[in-house]
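The values are calculated or read from the model by the stated rules, or taken from the named source; none is laboratory data. Everything numeric in this text was worked out from a predicted model, so none of it was measured. A quick note on method: Cβ atoms are made from the backbone with ideal geometry, for glycine too, and the neighbour counts reach across all protein chains shown. Ligands, DNA and RNA are stripped out before the accessible areas are found, and what is left, the full protein with its side chains, is counted by its heavy atoms. Shrake-Rupley method; radii C 1.70, N 1.55, O 1.52, S 1.80 Å.
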Amino acid sequence: MMSRSLCFLFMSLGVSLGPVAKIAGLHLKPVLSGPRLAYRGSQVQFECKVPDWLSPLTFELWKDTEGLIATEHNINVTFDLQVTEGSEGEYSCRVTNGGLSSNTIPFQTVNPHPPLLYEGQKLVLRCEVRKGTHLSFSWFHNQQQVNPSSGLYRINADTLTVDSAGERHAGIYSCMAENQVTVNPRFSSSPNIQVIVKKHISQLSASLWVWWDGAALQANISCAVASGSPPLLFTLLLDGRQLEQKHVDALSSSFSVPILMGQDLGSARCRAQTDTRTLLSDPVHLHVVPVGGAVHVMLTYLHDVNAMTEAALLKCVPERGTFPQFSWSVNHSSLPAGGDAHAVSDRGQILILTDINSGYYRCCVRDSFNESSVWLESAEVFVQRTDPALPSMEVIALVFCGFLSMVIVGGSIFMFWNIERKNHTCKQHSNQCVQTDRVISVNAPAADVSPEPQTLEMKAVIMEFEA
């Protein structure tokens, strides 16, 4: 009885220890994939994974001449390698703690042709002459002679240098060597060489939208960089796990993932890679919630500096929903997407009334990816102008006439008072009023009038008033 129990115990231990040995890596043989040839100065990737294995493992990348190079831990891992002349050799991977080695990949490197560099890198071109003495050199860029004083290049004898290359430095280069003898000078031109200058990728973004393909709901994750030079390698990651890769000769790419309504699949990210740079986008949450619950309309009036109502802003807010579609109506009549007196923004969620006509407004919302879904309606909201009533033309005319009559009557009273004041003042001072006399003096009697001109003497009298 005791022997049977011990036998059963050892059998149980043997069964339980079997998978442990596999998890430790004793029976797991990974597969290594990657390029066999690459340009020097570029960046390549080797991927190592165990087929049909769904638990994280620790993988090691090995090189025949150097031994262990790198270690990564995941379900399947990617090793990034900067290519140099010393990168040539045979590569393999294995699971740590004595796991089996993968297949080997022989890797070779070559110089890029045409020369390829990225913005900011240094460019050095040298004009090599097999024989000749007393030489002078001239450089040409796109068939135009290079001017050293421009500041775009540095020329030192047979060498042209660009310290920080940009797109304007790309093109066709050649050099010309000439001996400086005075008798029978000779010159020789080099073949053309093309230089490619690429832009670094920048600002990687990820966006999500969903659609119904007739059988299932699909999520589309779009990856795009704001600037850069293709080709690019885009990778879709879900919670850090690689789902799919695409090599594209463009600055954007997209991936499709099946998704279930209401199911939270986690966070998706985009990764974009070139020979020199790797970017990672912000996460996008793969969780689609259907439109539902109550729908509300928020009303806001917009005023100018004079407190006059310029516009009204209505925002439709459903209680839940990841990808809603909106529709608006006024007085039970549907509103088009745009018009002379209104506009919509934010995918139809916001309605802007630039010419406010009083009425009852309502919004409706449903799932944008399902045309057969039911529209949910909000309560009606009454919109009207809130400015104070402006006076009519009759009121304005009546006020103006009243003001004008007051001016006329007041002016007449002032003029009458002023005249009466002057007359009263003159009567008080009449005893001091002096009138002008004319005194005529005649030298001879009237009978003996001389033919000579007579003298007319005028006596001026000044009229004075007491103060």
Over the stretch 211-325, with the other protein chains present, what is the accessible area per residue in square angstrom, probe 1.4 angstrom?
49
What's the carbon and sulfur percent of the stretch 31-86's accessible surface, probe 1.4 angstrom, rounded to a whole number?
51
Classify the stretch 255-330 as rounded, prolate or oblate from the Cα gyration tensor: take a ≥ b ≥ c as the square roots of its eigenvalues, call it rounded if a/c is under 1.5, otherwise prolate when a/b beats b/c and oblate if not.
oblate
Under a point spin-label approximation (7 Å from Cα along Cα-to-Cβ), what is the Ala226-Asn306 distance to one decimal in nm?
4.1
If you roll a 1.4 angstrom probe over the protein chains with everything in place, what fraction of the accessible area of the stretch 205-317 belongs to carbon and sulfur, to the nearest %?
54
Which trypsin sites (Lys or Arg not before Pro) in the stretch 131-186 sit in a loop by DSSP (not H, G, I, E or B) and have at most 10 other Cβ atoms within 10 Å of their own Cβ?
Lys131, Arg186
Over the alpha carbons of the stretch 120-159, what is the largest minus smallest coordinate on each principal axis, giving the biggest first in Å?
34, 21, 17
Cα gyration tensor of the stretch 302-377, axes a ≥ b ≥ c as square roots of the eigenvalues: rounded (a/c below 1.5), prolate (a/b > b/c) or oblate?
prolate
In nm, what is the difference between 0.36 nm times the number of residues separating Phe403 and Arg186 and their Cα-Cα distance?
67.9 nm
Each residue of the stretch 255-261 in order: what ³J(HN,Hα) in whole Hz does its phi give by Karplus 6.51 cos²θ - 1.76 cosθ + 1.60, θ = phi - 60°, with x for Gly and Pro?
10, 10, 9, x, 9, 10, 4
Let's test this: bin the Cα-Cα distances of the stretch 69-170 at 10 Å from zero up to the farthest pair and state each bin's percent.
11, 29, 21, 17, 13, 8, 2
Given a Förster distance of 60 Å, report the FRET efficiency between Asn147 and Ile105 from their Cβ-Cβ distance, rounded to the nearest 0.05.
0.80
Going by average Cβ density within 10 Å per residue, which order do the peptides 336-349, 317-330, 241-254 take, highest to lowest?
317-330, 241-254, 336-349
